[in-house]
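What follows is a short report on a single structure.
The values are calculated or read from the model by the stated rules, or taken from the named source; none is laboratory data. Quick caveat, the model's predicted, so the values are computed rather than measured. Neighbour counts run over all protein chains shown; Cβ positions are idealised from the backbone, glycine included. Ligands, DNA and RNA are stripped out before the accessible areas are found, and what is left, the full protein with its side chains, is counted by its heavy atoms. Shrake-Rupley method; radii C 1.70, N 1.55, O 1.52, S 1.80 Å.
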Amino acid sequence: MSVPAIQTSSVLYRRILSQFPQDISLAFTYGSGVFRQTGTTQGQMGNNMIDFVIAVDDPPTWHTMNLMQNRKHYSLLRFLGPKQVSSMQMNYGAGVYYNTLVPCDGRVIKYGVISTDTLIEDLLHWKTLYVSGRLHKPVKILVQNENGKLRAALVSNLKSAVTAAFLMLPESFSEEDLFVQIAGLSYAGDFRMVIGEDKSKVLNIVKANLPHFQMLYSNILQDCPQVVYKQHQGKLEIDKSPEGQFVQLMGLPRTLQQQITRIVDPPGKNRDVEEMLLQVAQDPDCGLVVQQGISAIVKSSSITQSAKGILTAGLLKTVSYSMKKLQKMWKGSRRKSH
């Protein structure tokens, strides 16, 4: 099974991507410059920055070539050379190196570079939920090579998102409830949702892109033995028994299981993960514990990645980018008050 690709014209995005070194295992574009959000017109979308993530097998070589082709994209870190740039990418934050506010083909873009191995690790185990969280929502995949391990990890990530959402939802709910829960996973615990992001962002993403979410998740929901999926009504029912919740908890990514264990197991006891998850499955607050576990992962990676962003973007661009985010948040809150 592969991740369904969203079919719309991607000529602009491919043209932009063609200006980078082409040794790419996966490239996708996402965000408000690509997918409309409720309350945004087509014209406003055209002014929004376009976000890309580029996964590469060999970051030092890729950055070497990109520094030759697109040296101006980089902050002062470019003077340290490709090895230091790659080291900054792979050893700090969420393993992504962002160049932001880059003028390209008449638009402004931001692109993050991540190693293929780091991406696969995050998709499978939710170590940072940084790029894997973005891939819970509709994206336009522009390049995907024949890496079978990566393909399987992309599908596994979507299945994990469904499982985590199930644990936080009641026994019956709508498709929209499910997709709002899924889209919100990577924002739980993100300090930027407190300052710098429009609070109604998650709902705006889902409402304007419901068909894209349905396309992304319908096969997984139809094949899932724990859910009754009444597709024509847009309604779902899940097994909320302790046994059902235990199966779901056992299906969660490893890092999240470890975080849940940390929350419920006092230090020093060191009981095994399976035993702890069995205990959580019987807890009426099971969904809350799962949410706290996700928040702990996101909080850590969002803070370290944002701190790294000050270095990779440079101070002027960081201030400019932050001001744009605050402006969007202010506009969003004004829309809600009218």
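I'd like to check one number: the per residue accessible area of the stretch 117-260, probe 1.4 Å, reported in Å² as a whole number.
40
Calculate the length of the line joining the C-alpha centroid of the stretch 225-291 to that of the stretch 142-179, in whole Å.
Centre-to-centre distance over Cα atoms comes out at 16 Å.
Multiplying the sequence separation of Met215 and Val143 by 0.36 nm and subtracting their Cα-Cα distance, what value in nm do you get?
Additional length available on full extension: 24.0 nm.
Just list whichever of Lys201/Lys235; Lys110/Lys140; Lys127/Lys159 have alpha carbons separated by over 18 Å in the model shown.
Lys201/Lys235
Could you check the spin-label model distance between Lys159 and Met49? Points 7 Å from the Cα along Cα→Cβ, value in nm.
3.5
Quick check: residue separation of Ser241 and Lys72 times 0.36 nm, minus the Cα distance between them. What number comes out in nm?
Value of the extension gain: 55.2 nm.
Would you mind putting 252-261, 214-223 in packing order, based on average other-beta-carbon counts within 10 Å, highest first? Present the calculation step by step, with values, prior to reporting the outcome.
On the way: 252-261: 20.8, 214-223: 16.1.
By packing density, highest mean first, the sequence is 252-261, 214-223.
Once amide H atoms are built 1.01 Å from N in the peptide plane, which residues 5 or more positions from Tyr98, or in another chain, come under 5 Å H to H?
Placed amide hydrogens put Val113 under 5 Å from Tyr98.
Could you work out what % of the accessible surface of the stretch 61-116 is carbon and sulfur, using a 1.4 angstrom probe and leaving DNA, RNA and ligands out of the count?
60
Which length gain, in nm to one decimal place, applies between Met65 and Arg15 when the Cα-Cα distance is subtracted from 0.36 nm times their residue separation?
On the way: separation 50, 0.36 × 50 = 18.00 nm, distance 1.80 nm.
Separation in residues times 0.36 nm, less the Cα-Cα distance, equals 16.2 nm.
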